[in-house]
1. Specify the inter-centroid distance of the stretch 307-375 and the stretch 418-442, based on alpha-carbon positions, in whole Å.
2. Can you tell me how the stretch 72-489 classifies by the Cα gyration tensor, rounded, prolate or oblate, using a/c under 1.5 as the rounded cut?
3. Using r as the Cβ-Cβ distance of Val479 and Arg72, and R0 as 25 Å, what FRET efficiency do you calculate, to the nearest 0.05?
4. Putting +1 on Lys and Arg Cβ atoms and -1 on Asp and Glu Cβ atoms, find which of Ile433, Tyr463, Ala443 reaches farthest to the positive end of the dipole of the stretch 353-463.
5. If R₀ is 56 angstrom, what is the calculated FRET efficiency for the pair Val370 and Leu90, using the beta carbon separation as r and rounding to 0.05?
6. Could you check the spin-label model distance between Lys276 and Ala117? Points 7 Å from the Cα along Cα→Cβ, value in nm.
7. At what distance in angstrom do the alpha carbon centres of the stretch 226-271 and the stretch 119-149 lie from each other?
8. Using a ≥ b ≥ c from the Cα gyration tensor of the stretch 99-237 (square roots of the eigenvalues), is it rounded, prolate or oblate, where a/c under 1.5 gives rounded and otherwise the larger of a/b and b/c decides, a/b for prolate?
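Derivation of every value follows stated rules applied to the coordinates shown; laboratory data play no part. Owing to the predicted nature of the structure, the values given are computational and were not obtained by experimental measurement. As a convention, Cβ positions derive from the backbone with ideal geometry for all residues, glycine included, and neighbour counts pool all protein chains shown.
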Amino acid sequence: MSATLALLLATQAMVPHSTDPTAPQQIDPAAPTSNAPPLTGEGERETVRDPATAFSSGRTEATPAEQSAAPRGFTRWQRDNLVGKALRGLKADGVTLALDVVDNVAGNPVGGVRQGARESHWVSGAADLDLEKLLGWSDTRVHVQGAWFTGDSLGRDVIGNSISFQQTWRPVSGPRLTQLNIEHDFGRLNLMVGRAAVNSYFNNSPLNCVFMTNTSCLTAYGGISDIGITAFPNSSWAAKTRYAVDQRRYVQIGVFEYNNALNATGKGGLDFSLGKGTGVLIAGEAGYQTTFAQERLPRRYKLGFYLNTDGGSSLYYDRNGGSSALTGLPRVALGGNRVGLYAMADQTIARAPGASKRNLALFARGYWNVGNVQQLDWFASAGFVKTGTFKGQDNDTIGFIVSNTHFSDQQIDYLRDLRAKAGGTGAPHHDEIVGEINYGWAALPGLRVLPNVQYVINPDPIYASKRTTNIPSAIVLGVRIDVKLAQLFGG
């Protein structure tokens, strides 16, 4: 059924649609003006950028002509309200402010350890300072962001598995300073130093957070659980450089301090100690990407790696070589490194006539653990995003994703021994399959509502360790609401 619906909507997208002739016309800033991409220090912030900009460089908000239809008079209100005027004035002076609220609600009427519902949300405030306008320092910007996460997890509390159905849930609630860094653009070379998260810059795509499942947003699954990469909203001291080979190709590398103690409750991202970590995280990436300004069907390909010099702990063995699950002794620390490889591809395959951004894009993601044995051996996902659905809904989306998380032998053996200790037999499945289909309704500029259906086959029992049988596959009904207040007020 979903394939038929996608085909019908792809056909609909090919029909040109008129836009309001009174809407202000804006030049697409995606048009390349130099050999370097725009400044890259801001990073992805886990909010849904306007899908119409997914293949447009240098902006995250759709122009009026690209937006879905808004109620009569809303554009005038955005233009005239005092908050919007103040935000636009600050932006003109070099200060761009953002305040975002993202809420997830999910429930499982079928499957899991039991049935129930949970809610989680976060609030994020950010400021980007253009030091060229403020101090006369050309091509230099400061990025500051804080976030507050709170709520409960359907996966952990109700279904019993470890893969969250809510991208807004985090195991440690409360406020965090998530970003405090400065960047300078040297033309082809961009340098960023300060506090940052690995997954804001590596292995991400604007298409990732068109979904609610945590297998996709902010980055594809694997790097956090296996490598221990710092992930939004956590951050650590970092330095990252990106070099633009030409207008389409780039390479980048980042070095991040690994100090897991900074992620503990009560730290809040405000412990600025340096050199007290247990390792160093290194991430590297090579990419090829184009925009609507460069070709009719733009694309995005990335290859990269993660390396953590902190080897982590064994998933199975205690210090005596026995099963930690059976002996109750702590897991033994590992020498060596944790290493992962990743690849991703976004490819538009259809687009409406003319300058319209209505399109159909396919995507695929892959992750492979090639270092110390950790929770996963590999992860893979694929799907599509249809941007522009019905007439006048140019910024609405339909998204579909299916993923397979393949757990390592040691992880499965550990869970098997826990089951045996509880009186059960057998072992959990190696492969956990999660799918999602959703509709993203751009109700207003700055307000997006994303009802979705998720399905999990073979839920892992990591948070149901005393269960003696496999957890039944589950259907999850959810809704995600994104409010970008600055955009909503016309800022």
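1. 17
2. Prolate, since a/c reaches 1.5 and a/b exceeds b/c.
3. Working from the Cβ atoms, E equals 0.40.
4. Ala443
5. Result of the calculation: an efficiency of 0.75.
6. 4.3
7. First find each Cα centre; the distance between them is then 16 Å.
8. prolate
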